[in-house]
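A.B. asks: Sending over a structure as structure tokens; questions will come in a sec.
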Amino acid sequence: MTLDPEIKRFTNLKCLQLHGNYINDLEEIKKLADLEFLFELTLNGNPIEEIPGYRLFVLALMYQKNENLRKLDTVIVTDQEFDSVLVWKGFKRWTFDHIKTLKINN
């Protein structure tokens, strides 16, 4: 499944529930990074959940432009996860260049 780019038009969106939508490519999550007020996101029940390190990859993608996301898959983002993502941002060239290879094929 692909996310419609029109989602970016909802700039004041605070909560988005996309669980169980057959999202199998982390590239789709990049479309949500522009939603600067997004506080809560659910993606559980999608094939991308099977990707090792899925949670940190999603957080890293979401924190590219802002760091407002505080809840992912109904679980509060921990200080340790937040710190890990900040470290990843330092290595983002490697991380984001390799995200294209992290796709679950059904």
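A.B. asks: Classify the range 5-101 as rounded, prolate or oblate, taking a ≥ b ≥ c as the square roots of the eigenvalues of its Cα gyration tensor: rounded when a/c is under 1.5, otherwise prolate if a/b is larger than b/c and oblate if not. Intermediate values should be presented prior to the final figure.
C.D. replies: Working: a/c = 1.30, a/b = 1.15, b/c = 1.13.
Cα axes put the range 5-101 in the rounded bin.
A.B. asks: Next question, about the same structure. Per-residue HN-Hα couplings for the range 18-33, Karplus 6.51 cos²θ - 1.76 cosθ + 1.60 at θ = phi - 60°, whole Hz, x for Gly and Pro?
C.D. replies: 10, 5, x, 10, 6, 6, 10, 9, 4, 4, 5, 5, 4, 5, 8, 4
All of the numbers you see were taken from the coordinates with simple rules; none came from a lab. What you see is a predicted model, and the numbers here were worked out from it, not measured in a lab.
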